[in-house]
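The values are calculated or read from the model by the stated rules, or taken from the named source; none is laboratory data. Quantities reported herein were computed from a predicted structural model and do not represent experimental measurements. As a convention, Cβ positions derive from the backbone with ideal geometry for all residues, glycine included, and neighbour counts pool all protein chains shown. These accessible areas exclude ligands, DNA and RNA; they are computed on the full protein's heavy atoms, side chains included. Shrake-Rupley method; radii C 1.70, N 1.55, O 1.52, S 1.80 Å.
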Amino acid sequence: MITPRRTRLVRVPELQTFRRAIAALAAPTSELRVESGLIVVPTRGAARLLERSVDADVVTRDELYDRLQARLADPPRRLTPLERDVMAQAAARATAARGHELSFQLRPGLVAEMLRFYDQLRRQSQQVQRFEELIDEALGADEGDRAAQRMRLQTRFLAGAFRDYEARVRESGACDEHTLRERLMAEPAADPVRHVIVTIPDWIADAEGLYQADFDLLTRIPGLESLDIVSTERVLASGFHERLHNWWPGLEETDFAGLKPCAKPTAPNEVAQGFSPARPVLITPPGGSPDEPWWTLRDREEELIAIARQLKADRRAGEDVPLERTAIVYKNPLPYLYAAAEIFHGAGIPYQMSDALPLAAEPTSAALDLILDAVSSRFSRSALIALLRSPHFVFRAADTQVGPCDTETGAAAGADVGADPCVGLEITRASVSALDRALSAARYLGELDRLEALAGDWGTGASQPAMDVTLTVARALAPLTETHPASRQLGCLLAFWSGHARPIADEDPWASRERRARAAILDMLPSLAAVHAAHDDPAWTIDELGIAVRRWIEDQTFVLDSEERGGVHLVDDQAVRYGDFDDVAIVGVVDQDWPERPRRNIFYPPALLKALGWPSEKDRRAAGDARFLDLLTSASRRTMVSTFTLDEDAIVSRSMQLDEIPRARLSTVARQPFEDARIFADEALSLEPIAFDPFPGDALLWAEMRTKRTPADAPGFHGLVHGVAARAWSVSAIETYLDCPFKFFAQHVLKLEEEPEDQEVMDPRRQGQFVHTVFERFFDAWQRAGNRAVTPANLDAAREMFTAIVDRALEHLPIAEAGLERTRLLGSSAAAGLGEAVLRMEAERPVAVTERLLEEKLTGEFTFATAGGPRTIALRGKADRLDLLEDGTFRLIDYKLGWPPQRGRALQLPIYSLCAEQRLAGHKGRNWQLGEAAYLAFKGPRRVVPLFATATDRAKVLAEAQQRLADTVDAIERGEFPPTPDDVWRCETCSFASVCRKDYVGDV
Ligand code: SF4
């Protein structure tokens, strides 16, 4: 029998009255005790805010089911989301195995979407059978339509999987939300809930709203005596009112005046029936256009900075309200929560937030990812080194006693380092860095057996401790590279993670947050393993393990701390409806967030979903606009709305909902300019006059010291150093200076090593060495065979010899790499190789070669003609090839694997030419003159690129190069190393970008 109940719609004009109405309804009366009533709100954040003003049990939709379940005389066990997901995954696989044709691949994420779709169907009061019938009806009888056939097949599969899932739920003896709902309606509770106040509309008007099945439950659940639905007029007018009357024809309605007076007025002017809401004014930007009563800032950070400046300016002007009476409202919490931590902390403005943070964004989740990456990359150098360097783990020499995970149990075998993480010496960063370089030099590209082979004769250098630990780590994780049951894979991951997690120091300021994040992971991994062991334990590869772990971490959130904190409220647009605020700033009103985009259904197009009861976009949009307008009048004093134009680096558009603002009929007041309000500690020191007031104690001493520091424009901060000893620089190093002086400084003065990179093929430096070696061997062999010049007559013989030398050199390279290099040197049917270009160049020249000097060292002091007269400069260099010709001239060849350098910047070829002339003086009783200098470039339109074309050109090119050399050497000796690249694009691939103050780059 259905309990007689009063079901009532309480219509309120706006949100201020909405909150008073909830307080009035929740006040205990002689008939209804506080503990027998529930108030349903959209989110936990909303619940936290409402709990400050009403003494009642405030619940979200999920919590409503928890409370109702707890009141049953013999409550069934409720399946956890993990269990439901695992059952759904098993049901989907079993259905597919029964021969259902599938037009998509069954992935865990897709099955999660299937379960979400099933939940929505059931919450719309649809059974699986009815779902199939409705789709069939909507598709019609057109058997020739292939798209319709595909939809039918998909529907059969989905219905089969849903039925299988329902059978598994029944067999488990536990319940999910849907079976619980059936039981709640059938079985009277021991201590029933007697009064429910619903403050959210349906899911069509609000994504967090109640579903038809929820309203149905509240209509039929035994023991419920009173059901009040509170809604604003705007939301009702968006279509919710009509839907309510469709569900409950003749539904009783009242307004706020029809409620009893508040038992506990919360504001001085509050007398229930006489309550008249304050009308906030809309604060517009100083000098803004009346057509755009909102603020447009550059990005989210600028929005918060503008608010912080206004708060400070209000305080100075005596127009402030307590910070707790101010709310910053967003749709998308995360970017604002992270930005607020920096901006409000820096401005000394306390704040509080009611949103939970995602576990996935916590550093400890990223640390778990490092383990997964190390395994999925098959122990690549970079992934292993990243794991060893992570501050979240500790790896000690004693760890080498740990064996691999036990694949039967998933536990770490051997010594349990997790039991005493202080045993043994921790490997040093220096040892890990040495290992990084050594593995790169050994061209280690991953795989445990290759690591084992390298470790066999590794020696005892600085990298040896790290190598020992790396080997142990890889062995411990090796079982994860194979396919094992899901529960074991999870156990193995958990054992490694907890065995190596660095203990959290009590004095660590992030200790509490880190403990919460770790606790969440320590709860999730064993639960997931247990659920798989109990219900479905498929064989998982490392990729499947990674997908499952990451998916569950992405679903987890955690609240930072529960203690009451004062300050400005940071709340989402759901929660703010439940808080009394004087000032409300609505931020981030951009197209991508306002109105909220509905979650796209991946199975059916909107036309078919309509047949299942899904709302139209028009209904959603009308409700979204209604809620936005409600929000504008929620504050009692001032409202401000802002949008931004840049999201990270992407340009974004403002929301079209901003055009709704005039419909709120608020008076507008332009804000007085406030830009000069200093709010950050750095502004106190960097803007005149300097203020020390914000700095107490030690901070004051530091602040005073910092103001006495060398001025920021001192040359020392811009690349000038003293004491760089004069020395013989290599010509290629001097060319680097011309690329960027700071790059030269980092590479040749500081001698910083570039981060190594692993590549399947040789990196450009190794490639250059390889090509040089091949040509050197060829010409050496050519000369030793009694040949001199390559001529048209012996060109074929030269080709043959070159091919043989290339093939011999390729024997030492891996197959893929050898194929690439062979094509580069010997060419293909489509294009000639480098060898052909080199041989032809010589064969086409009329003057014969008498001697060839290969990889000729040009080191020592050389004299150059400069504008200031002759200069002697010590240099180091090596010419790739010097051909001495019969006519007493020589030809200088420089091999370039890439493009030839611009002639106006090149140094090596012209300077080597001059050095060679000086070094060859008297060689074989002759004075040798430069006849030709050319690049043999392996990229660009021409293979042979001469340094100069005519005698006049030659003189000009050589004169300019000598002056350039002298000027560059002078700049180096003066210690000038500013970060001024010749082209700012160079910074994109520069290895020293992380140590370079390239904020100067904008000035060059
Ligand atoms: S990042 Fe740019 S400015 Fe800095 S060293 Fe490299 S090239 Fe020079």
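Can you tell me the Rg and the Dmax, both Å, for the Cα atoms in the range 878-1004?
In order Rg, Dmax, the Cα atoms of the range 878-1004 give 17.6, 56 Å.
Quick check: pseudo-label points 7 Å beyond the Cα along Cα→Cβ at Met185 and Glu452, how many nm apart are they?
Roughly 6.2 nm, to one decimal.
How much accessible area per residue does the range 678-786 have, in Å², with a 1.4 Å probe?
Per residue, the range 678-786 has an accessible area of 60 Å².
Between Met705 and Asp591, what is the FRET efficiency for a Förster distance of 51 Å, r being their Cβ-Cβ separation, to the nearest 0.05?
So the FRET efficiency works out to roughly 0.60.
Return the Cα extents of the chain along principal axes one, two and three, sorted largest first, each rounded to a whole Å.
Principal-axis extents of the chain (Cα, largest first): 123, 75, 67 Å.
Sort Cys996, Cys915 from largest to smallest accessible area, using a 1.4 Å probe on the heavy atoms of the protein chains.
Numbers: Cys996 30, Cys915 0 Å².
Final ranking, largest accessible area leading: Cys996, Cys915.
Could you pull out every residue, at least 5 positions away or on a different chain, whose amide H is within less than 5 Å of the one on Val40? Hs are placed 1.01 Å off N in the peptide plane, and Pro or chain starts have none.
Val59, Ile197, Val198, Thr199
Which angle between 0 and 90 degrees, to the nearest 10, do you get for helix 542-555 versus the longest principal axis of the chain when only C-alpha atoms count?
Between the helix axis and the principal axis of the chain, the angle is about 50 degrees.
Taking every DSSP beta bridge that has both residues in the chain, what percent is antiparallel when rounded to the nearest 5? List each step's numbers first, then the result.
Working: 34 of 91 bridges.
Beta bridges within the chain, antiparallel portion: roughly 35 percent.
Once you sort the root eigenvalues of the Cα gyration tensor of the range 361-401 as a ≥ b ≥ c, which label holds: rounded (a/c under 1.5), prolate (a/b larger than b/c) or oblate (the other case)?
Oblate shape, in that a/c is at least 1.5 and b/c is the bigger or equal ratio.
Go ahead and run the numbers for FRET between Leu820 and Arg98, Cβ-Cβ distance against an R0 of 56 Å, rounding to 0.05.
0.70
State, as an integer percentage, the relative contact order of the range 557-700 based on alpha-carbon contacts under 8 Å between residues 6 or more apart.
Value for the range 557-700: 29 percent.
At 7 Å along Cα-to-Cβ for each site, give me the label-to-label distance between Ala804 and Trp985 in nm.
So the label points at Ala804 and Trp985 sit 4.5 nm apart.
Report the rotationally averaged projected area of the range 516-579 based on its alpha-carbon convex hull, in square nanometres.
With every direction weighted equally, the projected area is 6.9 nm².
Can you give the charge dipole size of the chain about its Cα centre, rounded to the nearest 20 debye, using +1 on the beta carbon of Lys and Arg and -1 on the beta carbon of Asp and Glu?
With Lys and Arg at +1 and Asp and Glu at -1, about 1340 debye.
Tell me which residues come under 5 Å, amide H to amide H, from Leu930 once H is placed; ignore anything under 5 positions away on its chain.
For Leu930, whose amide H was placed from the backbone, the distant partners under 5 Å are Phe890.
In whole angstrom, how far apart do the alpha carbon centroids of the range 865-925 and the range 118-154 sit?
80 Å
Per residue and in Å³, how big is the convex hull formed by the alpha-carbon atoms of the range 131-258?
Given the Cα convex hull of the range 131-258, per-residue volume reads 160 Å³.
So how far apart, in nm, are the two label points at Thr863 and Gln783 if each is 7 Å from Cα heading toward Cβ?
2.8 nm
Could you tell me how far the Cα centroid of the range 581-606 sits from the Cα centroid of the range 847-863, in Å?
Comparing the Cα centres of the range 847-863 and the range 581-606, I get a distance of 72 Å.
If R0 is 56 Å, what FRET efficiency do you get for Ala725 and Asp647 from their C-beta distance, rounded to 0.05?
According to the calculation, E is roughly 0.65.
Using θ = phi - 60° and the Karplus form 6.51 cos²θ - 1.76 cosθ + 1.60, what ³J(HN,Hα) does each residue of the range 596-604 get, whole Hz, x for Gly and Pro?
Once θ is set to phi - 60°, the couplings for the range 596-604 become 4, 6, x, 5, 6, 7, 8, 9, 9 Hz.
Which trypsin sites (Lys or Arg not before Pro) in the range 57-130 sit in a loop by DSSP (not H, G, I, E or B) and have at most 13 other Cβ atoms within 10 Å of their own Cβ?
Hits after loop and neighbour filter: Arg77, Arg98.
What accessible area per residue, rounded to a whole number of Å², is obtained for the range 18-121 using a probe radius of 1.4 Å?
40 Å²
According to the square roots a ≥ b ≥ c of the eigenvalues of the Cα gyration tensor, what is the shape class of the range 807-870, taking rounded for a/c under 1.5, prolate for a/b larger than b/c otherwise, and oblate for the remainder?
Note, shape of the range 807-870 comes out prolate.
Between the range 334-353 and the range 179-235, what's the alpha-carbon centroid distance in Å?
When both Cα centres are located, 37 Å separates them.
Enumerate by residue number the chymotrypsin sites (Phe, Trp or Tyr not before Pro) in the range 66-167 meeting two conditions: DSSP loop (anything except H, G, I, E, B), and at most 15 other Cβ atoms within 10 Å of the site's Cβ.
Numbers: sites: Phe104, Phe117, Tyr118, Phe131, Phe157, Phe162, Tyr165; in loops: Phe104.
Those satisfying the criteria are Phe104.
Show me the GluC sites (Glu not before Pro) within the range 438-536 that DSSP assigns to loop and that have at most 16 other Cβ atoms within 10 Å of their Cβ.
The qualifying sites are Glu447, Glu482, Glu507.
For the chain, calculate the relative contact order in percent as a whole number, restricting contacts to Cα pairs under 8 Å that are 6 or more residues apart. Write out the running numbers ahead of the final one.
Details: 1580 pairs, mean separation 130.6, N = 1004.
Value for the chain: 13 percent.
Could you tell me how many degrees, from 0 to 90 and to the nearest 10, lie between the Cα long axis of helix 464-477 and the main elongation axis, the longest principal axis, of the Cα atoms of the chain?
40 degrees
From the Cα gyration tensor of the range 485-637, with a ≥ b ≥ c the square roots of its eigenvalues, which class applies: rounded if a/c is under 1.5, or else prolate if a/b is larger than b/c, or else oblate?
oblate
Largest first, what is the accessible-area ranking of Trp928, Trp702 with a 1.4 Å probe? Walk me through the intermediate numbers first.
Values: Trp928 15, Trp702 155 Å².
Reading off the accessible areas and sorting them downward yields Trp702, Trp928.
Per q in 0.14, 0.18, 0.23 Å⁻¹, report the Debye log10 I(q)/I(0) for the range 280-340, using one uniform scatterer on each alpha carbon and no solvent.
-0.48, -0.81, -1.22
Among Ala341, Leu244, Gly940, flag the residue with its Cα farthest along the positive direction of the charge dipole of the chain, charges on Cβ as +1 for Lys/Arg and -1 for Asp/Glu.
Looking along the dipole axis, the top candidate is Gly940.
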